[in-house]
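Here the structure is laid out as structure tokens; the discussion comes afterwards.
The values are calculated or read from the model by the stated rules, or taken from the named source; none is laboratory data. Just so we're clear, the structure is a prediction, and the values are computed from it rather than from any experiment. Reconstructed Cβ throughout: ideal geometry from the backbone, glycine too, with neighbour counts over all protein chains shown. What goes into the accessible areas is simple: the full protein's heavy atoms, side chains included, and nothing from ligands, DNA or RNA. Shrake-Rupley method; radii C 1.70, N 1.55, O 1.52, S 1.80 Å.
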Amino acid sequence: MTMLSYITLLATLTILIFTSTVRSCPASDRAALLAFKAALHEPDLGIFNSWTGTDCCHNWYGVSCDMETKRVADINLRGESEDPIFQKAGRSGYMTGSISPSICKLERLSSLTIADWKGISGPIPPCITSLPFLRILDLIGNQISGEIPADIGRLDRMTVLNIADNLVTGRIPRSLTNLSSLMHLDLRNNRIWGSLPNDFGRLRMLSRALLSRNYISGTIPDSISKIYRLADLDLSLNKLSGEIPASLGKMAVLATLNLDSNKLSGKIPDSLFNSAIGNLNLSKNYFQGYLPDVFGPKSYFTVLDLSYNNFWGPIPKSLSQSSFIGHLDLSHNRLCGRIPAGPPFDHLEASSFAYNACLCGKPLGACK
């Protein structure tokens, strides 16, 4: 071999080694992933079987890397998936263990989804708030316990925070309202207590706020009405008290408002009945008095549920002026008088009016 050939071969090998190194994930990211894996136990599907070799950016199940930096950017592990692994097994996943703080060593992590594994327990690692690029944190459907990290508000790029269906306790951190990019907040079905932050309205980009089935108390902050993108607000099955802010009925895109199964009282704001809200559930509260006779052409409800309260007097005749009411439930109140004729009353069943003081007319019995 001539000297020129030797130099050419050496240069080629150097380029190949350098290229391979650049295309591979850093050893530190690989080590962090393996430590993360070591804290989990998944005995049935073998989703971690592909986590071998030196390059975690290629063919490691659920792991994706940034094209430019070659750093781990996304971890997407779902226990309920249409992936062939699950289809072949004919079952959903089950995983135990906990989320290792080693995950925080993945400095370029953008999304972390560890969802619907049913058996993962332990806390959310507090160090998660040190990941400056984290946009998505989805831990739904596990047995995560402990509190939401107090300084969660440091994650100013976060757009999705989903920890629904877990065992999370404690208050909603004050810093959460610093998440100026947050669009989807799902804290349903946990053990969160305390009041909603008064400055909840600072979450200006929020489109969905789902907080049902917790132990949240106090009043509904009026500042919520400042979230002009909010389309879905679910605060049902909590311990909220006081009145509904009238400003909620003036929100431009709020389409679903679920406040059922709380301790709300006082007068229902007239604005709720002539708003953009099409799904309104106020059942199982402590509202009382006459139902407002304020319905009109702007009243369009796929669902209007006012059952299990303490309303009395007649059914408002203006309800018949609504442009549409698909499902109406006025049962379990103290309403009295003749049920108005015509739509929407002509397509409703007797159960919509049952257990009242003295309602009569179709679909109930004839008035005497």
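What the table below lists for this structure:
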read-out: Estimated vicinal HN-Hα couplings, Hz - the range 224-240 in sequence order (Karplus 6.51, -1.76, 1.60; Gly, Pro = x); value: 4, 5, 7, 7, 5, 8, 5, 10, 9, 10, 10, 10, 5, 6, 10, 10, 5
read-out: Sites residue 87 and residue 59 - FRET efficiency at Förster radius 22 Å, r taken between beta-carbons, to 0.05; value: 0.70
read-out: Inter-part distance where the range 228-261 and the range 124-183 are each reduced to a Cα centre, Å; value: 22 Å
read-out: Residue 80 versus residue 267: modelled label distance in nm, points set 7 Å from Cα along the beta carbon direction; value: 4.3 nm
read-out: Accessible area in the full protein assembly, largest first, 1.4 Å probe, for 117, 193; value: 193, 117
read-out: Amide proton proximity set for residue 337, modelled H, under 5 Å, gap of 5+; value: 358, 359, 360
read-out: For the chain: relative contact order, % (alpha-carbon pairs under 8 angstrom, 6 or more apart); value: 7 percent
read-out: Per-q log10 I(q)/I(0), the range 33-145, q = 0.10 Å⁻¹ (Debye; single scatterer per alpha-carbon; no solvent); value: -0.27
read-out: Accessible surface, per residue, of the range 33-145 when the full set of protein chains is kept, probe 1.4 Å, Å²; value: 45 Å²
read-out: Distance in nm between pseudo-label sites at residue 247 and residue 204 (7 Å out along the Cβ direction from Cα); value: 1.4 nm
read-out: Relative contact order (%) - criterion: Cα under 8 Å, at least six apart; region: the range 33-145; value: 25 percent
read-out: Translational diffusion of the range 269-368, µm² s⁻¹ [Kirkwood Rh, Cα pairs; Stokes-Einstein; 20 °C; 1.002 mPa s]; value: 161 µm²/s
read-out: Contact order normalised by residue count of the range 196-301, Cα under 8 Å, 6+ apart, percent; value: 22 percent
read-out: Identified option (computed mean projected area of the Cα convex hull in nm²; candidates (1) 31.8; (2) 21.6; (3) 23.7); value: (3)
